[in-house]
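In what follows, a single structure is set out as C-alpha cells and then discussed.
The values are calculated or read from the model by the stated rules, or taken from the named source; none is laboratory data. Computed from a predicted structure; not experimentally measured. Positions of Cβ are backbone-derived with ideal geometry, glycine not excepted, and every protein chain shown enters the neighbour counts.
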Amino acid sequence: MVSIVIADDHKIVREGLIRLLEVREDFTVIGEASNGEEAVALVMEKRPDIVLMDINMPKLSGIDATRQLGKAGCKSKILVLSMHESRAYVEEVLRAGASGYVVKNSASKDVHNAIDAVRSGASYLSPAITQQVVDAIARPGDAGPSGVSMLTEREREVLKLIAEGLSSKEIASDLGVSLKTIDSHRSNLMEKLDIHKVSGLVRFAIRAGLVEA
C-alpha cells in the first residue's frame, strides 16, 4: 500500500485528487494540508511514501516546503503538481529535492504513472515538460539562468533596478512609466518567481547575474 499526503490550498483540488487516487486499491491518502507550513508538519508526523505538493501555497511555498523536508531528513518522495509549465519552475523544484513534476492538466493516468515512478526510485516529468527540457538541451544557452527565462525583458529590467535599491517611484521615473505599471511588474515578478519579499528578489537577481553582490 502506497501512503500519500496531499498538499494544496484549494479544497476542491484536494477532493478531486482523492477521488482520482482512490481508483487504485494500492493507494491510500493519509492526510491533507492547505498550506506549506501545515504540509511540512503533517509529512514529518505521518511520514508518507508520497507527497503530492502544490507550488503556490500560503505561509510557505511548495518549493520551500520541499527544501525544509529534505533538510529535516524526511524520506518521503515529493511529487509536485502545478499549473505552471515553465522549465524554470521544474528546475527549481528538482533542485529543491522533488522527485517529479506533473502539470495539473495532465490525464489521471499520468498522476498514477508519476506516483509509481517516484515510489520505485525513478524521477518523473510530465510529457509536455520533458519536451521542453529536450528542446532546451538542443538549444543550449537560449534559456538563460534558471528562473530568468520566464521573465519579459521589461520585468528583468525592473528586477535589476529593484536589486540596485531603487524604489518603485524611482523606477517609474527612470523608465518613464506610471507607478501603477511598476507595481504591476513587481507583482508579476513575485508571482512568476514565487518570491514574495524584496530581499528575495535581490538575492535572485544576484544569483542570476543581473547585478553584482
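How many residues are over 10 Å from the mean Cα position of the chain (by Cα), crowded, with 18+ Cβ neighbours inside 10 Å and not hydrophobic (A, V, I, L, M, F, W, C) if we restrict to the stretch 68-93?
4
Being more than 17 Å from SER108 (Cα to Cα) and either surrounded by fewer than 18 Cβ atoms within 10 Å (Cβ to Cβ) or not assigned by TED's automatic domain parsing to the domain that holds GLY121 (or both) narrows it down to one of GLU22, GLU15, GLU32, GLU37, so name that one.
Exactly one of GLU22, GLU15, GLU32, GLU37 is more than 17 Å from SER108 (Cα to Cα) and either surrounded by fewer than 18 Cβ atoms within 10 Å (Cβ to Cβ) or not assigned by TED's automatic domain parsing to the domain that holds GLY121 (or both), namely GLU37.
Going residue by residue through the stretch 32-41, is there one that turns out to be in contact (Cβ under 8 Å) with a residue 60 or more places away in the chain and charged (D, E, K, R)?
no
Give the residues of the stretch 101-123 that are in contact with a Gly (Cβ under 7 Å, 6 or more places away or on another chain) and either outside any helix (DSSP H, G or I) or touching a residue at least 60 places away in the same chain (Cβ under 8 Å) (or both), sorted by residue number.
Those that are in contact with a Gly (Cβ under 7 Å, 6 or more places away or on another chain) and either outside any helix (DSSP H, G or I) or touching a residue at least 60 places away in the same chain (Cβ under 8 Å) (or both): VAL118, SER123.
When the residues of the stretch 73-96 are filtered to those that are in contact with a Ser or Thr (Cβ under 7 Å, 6 or more places away or on another chain) and modelled with pLDDT of 90 or more, which remaining residue is farthest from ALA208 (Cα to Cα)?
Out of the qualifying residues, it is LYS77.
So how many residues does the stretch 1-36 have that are part of a helix (DSSP H, G or I) and either within 13 Å of ILE115 (Cα to Cα) or over 18 Å from the mean Cα position of the chain (by Cα) (or both)? Give the steps one after another, and end with the answer.
Restricting attention to the stretch 1-36, the residues satisfying the condition of being part of a helix (DSSP H, G or I) are 11-21, 36.
From the residues that got through so far, the ones that are either within 13 Å of ILE115 (Cα to Cα) or over 18 Å from the mean Cα position of the chain (by Cα) (or both) too are 11-12, 15-21.
Result for the stretch 1-36: 9.
Among the residues of the stretch 49-87, what is the count of those that are closer than 20 Å to ILE30 by Cα, assigned to a loop (DSSP other than H, G, I, E, B) and among the charged types (D, E, K, R)?
The number of residues fulfilling the criteria is 3.
Which count do you get for residues in the stretch 88-100 that are closer than 23 Å to GLU45 by Cα and either in a loop (DSSP other than H, G, I, E, B) or of a type outside the set (A, V, I, L, M, F, W, C) (or both)?
The total comes to 4.
Examine the stretch 56-74 for a residue that is within 16 Å of LEU94 (Cβ to Cβ), among the β-branched types (Val, Ile, Thr) and assigned by TED's automatic domain parsing to the domain that holds ASN105, and state whether such a residue exists.
Yes: the stretch 56-74 contains one or more residues that are within 16 Å of LEU94 (Cβ to Cβ), among the β-branched types (Val, Ile, Thr) and assigned by TED's automatic domain parsing to the domain that holds ASN105.
Give the residues of the stretch 163-178 that are more than 27 Å from PRO58 (Cα to Cα), among the hydrophobic types (A, V, I, L, M, F, W, C) and touching a helix residue (DSSP H, G or I) at 6+ places or on another chain (Cβ under 8 Å), sorted by residue number.
Result: LEU166, ILE171, ALA172, LEU175.
A quick yes/no check of all residues on (1) at pLDDT below 90; (2) under 23 Å from ILE63 (Cα atoms); (3) of a type in the set (Val, Ile, Thr):
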site: ARG139; (1), (2), (3): yes, no, no
site: THR152; (1), (2), (3): yes, yes, yes
site: LEU161; (1), (2), (3): no, no, no
site: THR181; (1), (2), (3): no, no, yes
site: VAL198; (1), (2), (3): yes, yes, yes
site: ARG203; (1), (2), (3): yes, yes, no
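Which numbered condition in (1) aliphatic (A, V, I, L, M); (2) at pLDDT 85 or above; (3) outside the structural domain of VAL29 (by TED's automatic domain parsing) is the only one that ALA143 fails?
The number of the failed condition is (2).
What number of residues within the stretch 158-190 are under 21 Å from ARG87 (Cα atoms), out of contact with any Ser or Thr (no Cβ under 9 Å at 6 or more places or on another chain) and in contact (Cβ under 8 Å) with a residue 12 or more places away in the chain?
Summing the residues that are under 21 Å from ARG87 (Cα atoms), out of contact with any Ser or Thr (no Cβ under 9 Å at 6 or more places or on another chain) and in contact (Cβ under 8 Å) with a residue 12 or more places away in the chain in the stretch 158-190 gives 2.
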